[in-house]
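The values are calculated or read from the model by the stated rules, or taken from the named source; none is laboratory data. Keep in mind it's a predicted model, so treat the numbers as computed, not measured. Cβ coordinates were reconstructed from backbone atoms using ideal geometry, including for glycine residues, and neighbour counts include every protein chain displayed. In case anyone asks, the SASA skips ligands and DNA or RNA and just uses the protein heavy atoms, side chains included. Shrake-Rupley method; radii C 1.70, N 1.55, O 1.52, S 1.80 Å.
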Amino acid sequence: MSADYHVKLSQLVSYILRHAPGEYGLELDPDGWVETEKLLAAINTRSPFKNVAQADLDRIMAHSDKRRHEMAGDKIRAAYGHSLERKVERTPTEPPEILYHGTSHRFLAGILKNGLLPKSRQYVHLSRDRKTAGEVGLRRDADPVVLTISARLAWSAGHRFYQADEKIWLADTVPPEFIKA
């Protein structure tokens with residue numbers, strides 16, 4: 001299979017696990033997991049993809065630079081980006097001292113006034129390094145703003161953080177006093 005095939009498959013898996021499991025006849029458990037076999041069956045019967053196998057999921061996991069999915073045993077889930085009504089529960093984890101958030105200039109004043117809020121997502125997305133945050137910000141602005149988050153201070157003040165993968169961290173909210181432009 002081509003690299004393009006696996007990119008499109010990865011996008012479909014993300015869509016299903018983040019936004020529309022019900023559309024594919026799936027129900028996620030409270031932590032966002034679904035049995036891999038059920039996901040494969042749904043993809044093979046309800047999408048243009050046919051004959052998708054475990055090896056295809058292994059490939060998209062191994063070659064993804066953003067680690068959008070997690071597998072444990074016979075289950076898989078989206079690592080972040082959910083817009084489902086039921087919040088995917090995560091274990092709070094003490095964050096590094098500093099995290100980053102890339103955003104558009106047009107949102108800066110609101111963020112500095114109200115903090116970072118998840119809006120239509122379940123969590124605020126933060127990056128471990130400035131480069132990744134800048135890449136995220138490029139989605140909405142050709143010259144994004146990269147905010148510095150005093151994550152450890154926010155944690156000490158009682159705000160919860162969750163590690164999605166080695167580059168992506170999540171938070172319920174980040175109040176403005178912990179954000180520097």
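Rolling a 1.4 Å probe over the protein heavy atoms gives the chain an accessible area of 54 Å² per residue. When shorter helices are ignored and each DSSP H run of at least 4 residues is given -39500 (n - 2.57), the per-residue value for the chain at 222 nm works out to -10000 deg cm²/dmol. Ranked from largest to smallest solvent-accessible area, with a 1.4 Å probe on the protein heavy atoms, Phe107, Phe161 come out as Phe107, Phe161. Over every Cα atom in the chain, the radius of gyration and the widest Cα-Cα span, Dmax, amount to 17.3, 51 Å. Inter-label distance, Thr173 to Lys113: 1.5 nm, where each label sits 7 Å from its Cα along the C-beta direction.
Spin-label pair Glu135-Met61: with each label point 7 Å from Cα along the Cα-Cβ axis, the two points sit 2.1 nm from one another.
Helix 105-114 and the longest principal axis of the C-alpha atoms of the chain enclose an angle of approximately 70°. Taking other residues whose beta carbon is less than 12 angstrom from the beta carbon of His159, and scoring Lys, Arg as +1 and Asp, Glu as -1, yields -1.
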